[in-house]
Amino acid sequence: MSDEDIEASKAPLMDHLIELRSRLIKALLGFGVAFIFCFFFAKQIYNVLVWPFVWVAGPENSKFIYTALLEYFITQLKLALFGAAFISFPIVATQIYKFVAPGLYKHERGAFLPYLIATPIFFVLGSMLVYFVVLPMLIRFSLGMQQSAGAETAQIQLLPKVGEYLSLMMSLIFAFGVAFQLPVILTLLGRIGIITSKQLREKRRYFIVVAFIIAAVLTPPDVLSQASLALPLLARYDGSIVAVRIVEKNATAAKAKATASTPPPASPPPDPTPAE
């Protein structure tokens, strides 16, 4: 820690408030531009989100309905808000980092930046799992529950509402995106020394229960959705144990290298004693 780091972290309160206002304005502008863009292309974006249903059911069997006059319009507004939050996240995260970074030491900024970059990457990975695996599996299961008309039976057909389909998609993306942040959070906690890989291994049996509780809270109330989130959570947890162990090994190696490169303290000169 140098004197320049200490002086760089000092600023009057008014300067902090002005800087905070500037960062908030830029973040809101980024969100606003993303919202306008997503609303302008809301129908096209919704067609992209509907693709898993069309892929499973086929274009000839794909039909969505809305039962209220403004339901589809409100759905487009929700879609624009969700898309704007998704698209503008790098801008918002960058503004947060630029506001916080002056208060951090140089080595802390270097340690924090990789995790800030990893956060949207893992969120996208969770979203892709929903889009290509989880949602098609749920759609296939739901379509299998349909009933054809017979001599004494009525036809039961799946006709999804546009609003309910978007709510399901957003809730699953949010749940899986947040769940996929587990390695980032645990590795960061391991790097700053709050947790260790040994503690994670010892608590794994408790996390199995916690994973299914989290899945039950964040996903729709069906076994497929809950298992689809709980199992990747367990895999993320096991990966976090490995990542924290690697961080510990790197920290130990860096500490040993620093100790080896530090010269031993010079021994004091012998105290001369007058000859008798």
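The values are calculated or read from the model by the stated rules, or taken from the named source; none is laboratory data. None of the values given here were measured: they were computed from a predicted structure. Please note: Cβ atoms are built from the backbone with ideal geometry, for glycine as well, and neighbour counts cover all protein chains shown. Each accessible area value is taken on the protein alone, full model and side chains, heavy atoms only, with ligands, DNA and RNA left out. Shrake-Rupley method; radii C 1.70, N 1.55, O 1.52, S 1.80 Å.
So which residues in segment 177-236 are in a helix (DSSP H, G or I), free of Cβ contacts under 8 Å to residues at least 24 places away in the same chain and of a type in the set (D, E, K, R), if there are any at all? Answer for segment 177-236, where residues must be in a helix (DSSP H, G or I), free of Cβ contacts under 8 Å to residues at least 24 places away in the same chain and of a type in the set (D, E, K, R): 198, 202, 205. Considered as a group, the residues in segment 211-227 that are within 19 Å of residue 164 (Cβ to Cβ) and either open to solvent by 20 Å² or more (accessible area, probe 1.4 Å) or of a type in the set (D, E, K, R) (or both) include one that is nearest to the chain's Cα centre (by Cα), and that residue is 218. Any chance segment 116-130 includes a residue that's over 25 Å from the mean Cα position of the chain (by Cα), open to solvent by 50 Å² or more (accessible area, probe 1.4 Å) and farther than 18 Å from residue 48 by Cα? Scanning segment 116-130 turns up no residue that is over 25 Å from the mean Cα position of the chain (by Cα), open to solvent by 50 Å² or more (accessible area, probe 1.4 Å) and farther than 18 Å from residue 48 by Cα. The number of residues in segment 65-103 being crowded, with 17+ Cβ neighbours inside 10 Å and in a loop (DSSP other than H, G, I, E, B) comes to 1. Annotation for segment 192-206: at least one member residue is at positive phi and either of a type in the set (Lys, Arg) or at pLDDT below 85 (or both).
Rundown of residues vs (1) farther than 30 Å from residue 16 by Cβ; (2) modelled with pLDDT of 85 or more; (3) not hydrophobic (A, V, I, L, M, F, W, C), yes/no style:
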| site | (1), (2), (3) |
| --- | --- |
| 48 | yes, yes, no |
| 68 | yes, yes, no |
| 75 | yes, yes, yes |
| 103 | no, no, yes |
| 128 | yes, yes, no |
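Please state which one of 207, 176, 180 is within 30 Å of residue 70 (Cβ to Cβ) and open to solvent by less than 80 Å² (accessible area, probe 1.4 Å). Sole residue among the options that is within 30 Å of residue 70 (Cβ to Cβ) and open to solvent by less than 80 Å² (accessible area, probe 1.4 Å): 176.
The residues listed here are 239, 163; of these, the one that is touching an Asp or Glu at 6+ places or on another chain (Cβ under 6 Å), farther than 19 Å from residue 136 by Cβ and modelled with pLDDT of 85 or more is 163. Of the residues making up segment 142-166, those that are assigned to a helix (DSSP H, G or I) and either touching a residue at least 12 places away in the same chain (Cβ under 8 Å) or touching a strand residue (DSSP E or B) at 6+ places or on another chain (Cβ under 8 Å) (or both) are 142, 143, 162, 163, 165, 166. Could you give every pair whose Cβ atoms fall below 7 Å, whose first residue belongs to segment 36-63 and is surrounded by fewer than 17 Cβ atoms within 10 Å (Cβ to Cβ), and whose second residue is among the β-branched types (Val, Ile, Thr), counting only separations of at least 6 or pairs across chains? Listed pairs, sorted by first residue: 62/54. Against the conditions (1) assigned to a helix (DSSP H, G or I); (2) of a type outside the set (A, V, I, L, M, F, W, C); (3) open to solvent by less than 60 Å² (accessible area, probe 1.4 Å), residue 250 satisfies every one except (3).
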